[in-house]
Amino acid sequence: MQDKYNLTREQNIFIAKRNIVDYIWKSANLEGIGVTYPETQAIYDGGVVNGLTVDKIIAINNLKYAWQFILENEDIEYDYNALCHIHKLVADKLVLDQELGRIRTTPVNIGGTKWKPQFPIESQIKEELKNLLNQPEKTKTEIAIEIMLSVMRRQMFIDGNKRVAMLFANKIMLDNGCGIITIAQDDQETFYEKLIKYYESGNMQDLKEWIYDHCIDGIDLNNN
């Protein structure tokens with residue numbers, strides 16, 4: 001699985017900033033936060049949007065702040081603490097304060113399946129992250145996708161797991177000039193079908209390949 005893009009970090013950030021509202025809009029809808037693109041743009045710009053719940057407005061602003069964090073902080077380690085910090089940004093004012101940036105201690109149900117994730121264990125998460133990052137035979141793109149899917153299946157947090165997982169993976173993608181992982185509206189139904197199969201089986205290969213083929217955005221600026 002080769003890197004689709006070979007950008008500098010600066011080039012990758014340029015692309016991300018140019019499309020940031022689109023990425024936020026798609027990410028929000030991926031987790032059932034029903035907002036339109038114009039509404040997302042207005043919230044991002046600090047405008048007033050009538051007819052939306054307070055939670056939806058907070059969720060979009062939180063995604064904005066989380067994106068700013070991964071864009072502006074190059075030296076952040078790809079570790080458990082970074083996952084927890086991203087959750088604090090994504091879930092602020094949407095979950096109880098004692099649940100922000102902390103692994104969940106209550107069971108969760110996954111829509112569309114009877115499969116239930118085990119309770120997350122900090123030491124296991126840290127070890128899994130370490131092992132996934134330490135794969136010199138694999139490209140950064142493949143590692144980022146694997147980490148994203150692993151975090152999603154772990155269901156570390158009480159809410160916002162897909163947003164956290166994708167932002168964390170995109171931090172790796174950005175830092176290494178590999179483009180951006182983003183799931184288009186038209187692809188979200190297929191994504192969920194494959195995600196449920198992955199949750200139930202624990203085998204990510206089909207979903208990993210599909211994300212690689214359909215969900216990486218970028219421009220090869222070096223050839224322009």
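The values are calculated or read from the model by the stated rules, or taken from the named source; none is laboratory data. What you are looking at is a predicted structure, and each value in this text was computed from that prediction instead of being measured. We place every Cβ from the backbone using ideal geometry, glycine too, and count neighbours over all the protein chains shown.
Some values worked out for this structure:
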| item | result |
| --- | --- |
| Filter pass, ASN170 being surrounded by fewer than 22 Cβ atoms within 10 Å (Cβ to Cβ), in contact with a helix residue (DSSP H, G or I) (Cβ under 8 Å, 6 or more places away or on another chain), modelled with pLDDT of 95 or more and not acidic (Asp, Glu) | no |
| Residue in the range 64-83 that is within 16 Å of the chain's Cα centre (by Cα), within 23 Å of ASN203 (Cα to Cα) and basic (Lys, Arg) present | no |
| Number of the exception - TYR212 against (1) surrounded by fewer than 18 Cβ atoms within 10 Å (Cβ to Cβ); (2) of a type in the set (Phe, Trp, Tyr); (3) closer than 26 Å to ALA91 by Cβ | (3) |
| VAL21 at pLDDT below 95 and of a type in the set (A, V, I, L, M) | no |
| Residue, nearest to TYR5 (Cα to Cα), within the range 131-165, restricted to residues that are in a loop (DSSP other than H, G, I, E, B) and either in contact with a Phe, Trp or Tyr (Cβ under 6 Å, 6 or more places away or on another chain) or of a type in the set (A, V, I, L, M) (or both) | MET156 |
| Unmet criterion (only one of (1) over 18 Å from TYR212 (Cα atoms); (2) in contact (Cβ under 8 Å) with a residue 60 or more places away in the chain; (3) assigned to a helix (DSSP H, G or I)) for GLU128 | (2) |
| Filter result (without any contact (Cβ under 8 Å) to a residue 40 or more places away in the chain and part of a helix (DSSP H, G or I)) within the range 166-203 | ALA169, ASP186, ASP187, GLU189, THR190, GLU193, LYS194, LYS197, SER201 |
| Residues of the range 70-89 that turn out to be crowded, with 17+ Cβ neighbours inside 10 Å and either more than 19 Å from ASN19 (Cα to Cα) or free of Cβ contacts under 8 Å to residues at least 40 places away in the same chain (or both), as a count | 10 |
| Hits in the range 22-33 (condition: of a type outside the set (Gly, Ala, Ser), assigned to a helix (DSSP H, G or I), out of contact with any strand residue (DSSP E or B) (no Cβ under 8 Å at 6 or more places or on another chain) and in contact (Cβ under 8 Å) with a residue 60 or more places away in the chain) | ASP22, LYS26, ASN29, LEU30 |
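Yes/no per residue for (1) without any contact (Cβ under 8 Å) to a residue 40 or more places away in the chain; (2) exposed (fewer than 14 other Cβ atoms within 10 Å of the Cβ):
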{"residue": "GLU10", "(1), (2)": "yes, yes"}
{"residue": "ILE20", "(1), (2)": "no, no"}
{"residue": "VAL35", "(1), (2)": "yes, no"}
{"residue": "THR40", "(1), (2)": "yes, no"}
{"residue": "GLY46", "(1), (2)": "yes, yes"}
{"residue": "VAL49", "(1), (2)": "yes, no"}
{"residue": "ILE60", "(1), (2)": "yes, no"}
{"residue": "LYS64", "(1), (2)": "no, no"}
